[in-house]
Every structure is written in C-alpha cells, then in structure tokens.
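The values are calculated or read from the model by the stated rules, or taken from the named source; none is laboratory data. Since this is a predicted model, take the numbers as computed values, not measurements. Every residue, glycine among them, receives a Cβ derived from its backbone with ideal geometry; neighbour counts consider all protein chains shown. Protein only, heavy atoms only, side chains kept; ligands, DNA and RNA dropped before computing areas. Shrake-Rupley method; radii C 1.70, N 1.55, O 1.52, S 1.80 Å.
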Amino acid sequence: MRPINEAHVAEPGLAVVEVAAHDDRTARAVQELLATLCAIAPDERTTREPGELGVRLRCFLDLRQAPDTGAVDADQT
C-alpha cells in the first residue's frame, strides 16, 4: 500500500485504518461497520500484495463528524 499522507492524520480526530481480510466482502463489511460509527472516506477497491494472504483496504476516518448515511453497502463487490 501507499505510505500514509501526513494530511490524513494532521489533526486530532483524523485517522487512517487499514483492514486486512480474507476476501473483498469481509473487508467491505468492516468498512461499513466503521461507517456506522464516524464519517469515513471509503476505498472503492481492495488490493492484493504478492506473497501475502487475503486483501487490504484503507479508509480515512474523521471522528469529529457524524456517520455518513450514504456509506458503501457491504454486499456491493
């Protein structure tokens, strides 16, 4: 994955979460769960690293804002 940009964690309440999961569906379900707790910028795709098991997904959280009601549905893959 790309390095984390300083701007994504420049202030209290901002966070970057990287999810490692067996498959896309599981990774997206975790992202959806996070979206119920706070505002997130979801990732549209998962990545696979050669030689590593599963998939990875990165999303950006803003704990200062309420959850986005239009979050990505975990069933959309």
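The trypsin sites (Lys or Arg not before Pro) found in the range 1-57 that occupy coil by DSSP, while having at most 13 further C-beta atoms within 10 Å, are ARG45, ARG48.
The Cα atoms of the chain give a gyration tensor whose axes a ≥ b ≥ c have a/c of 1.5 or more with a/b no greater than b/c, which makes the shape oblate. Accessible surface area normalised per residue over the chain is 67 Å², counting heavy atoms of protein chains with a 1.4 Å rolling probe. The calculated 222 nm mean residue ellipticity attributable to helices in the chain amounts to -6000 deg cm²/dmol, summing -39500 (n - 2.57) over DSSP H runs of n ≥ 4 and dividing by all residues. Which is the longest stretch in the chain that no exposed loop site breaks, taking sites as GluC sites (Glu not before Pro) with a DSSP loop state and at most 12 other Cβ atoms within 10 Å? So the longest stretch without any such site is 1-43. Per-residue Karplus couplings for the range 19-24, computed as 6.51 cos²θ - 1.76 cosθ + 1.60 with θ equal to phi - 60°, are listed in order as 9, 10, 9, 5, 8, 4 Hz, Gly and Pro entered as x.
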